[in-house]
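Data block below; observations after.
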Amino acid sequence: MRAFTKLVAVLLASSLAVSAQTTQPDLTKEPTLYVVAYSHLDTQWRWEYPRSINDYIPKTMHENFALLDKYPNYIFNFSGANRYRMMKEYWPGDFARVQQYVANGRWFPAGSSMEEGDVNVLRSSIAEMRSSTISLMPDELEMLCWLIMSIVSMGRK
């Protein structure tokens, strides 16, 4: 746990340093860590779809809209095609706003699954890393070391 706490401290310090820079770093000379916000949402876990549709999805959108508007360098990742389908169907005005953020490169629909992958995480993550330009295994902190080693061993940067 101590190593994880140190890792989090380094990530936070690095993200603050990157956000404080006014010029773009020369990535060929300066190692740079970019931190991108992500929200994990299980569409149905201990609740039903109406709760996700009426509470969790709009809250995720609205809280991130506020951060996107407040911080010009804020970038957000959100996965799960099913949640985007629900946004479009039940919150079309907000979905249009999400589309604008996507077009501007500030909101990234990530991953390759309909829902958060809680079953066969290892197998689906390897398949995703092989087929996607974005490698993402959200909310699996106990597998952080495995993820880093896997990405490095597959030649991903």
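Structural remarks
- Given (1) in contact with a Pro (Cβ under 8 Å, 6 or more places away or on another chain); (2) at pLDDT below 90, number of the condition Gln44 does not satisfy: (1)
- Residues satisfying the stated conditions in the range 39-83, i.e. out of contact with any strand residue (DSSP E or B) (no Cβ under 6 Å at 6 or more places or on another chain) and hydroxyl-bearing (Ser, Thr, Tyr): Thr43, Tyr49, Ser52, Tyr56, Tyr71, Tyr74
- Hits in the range 33-56 - residues which are surrounded by 12 or more Cβ atoms within 10 Å (Cβ to Cβ) and of a type in the set (Asp, Glu): Asp42
The values are calculated or read from the model by the stated rules, or taken from the named source; none is laboratory data. This one's a predicted model, so the numbers in the text were calculated from it and none came from an experiment. As a convention, Cβ positions derive from the backbone with ideal geometry for all residues, glycine included, and neighbour counts pool all protein chains shown.
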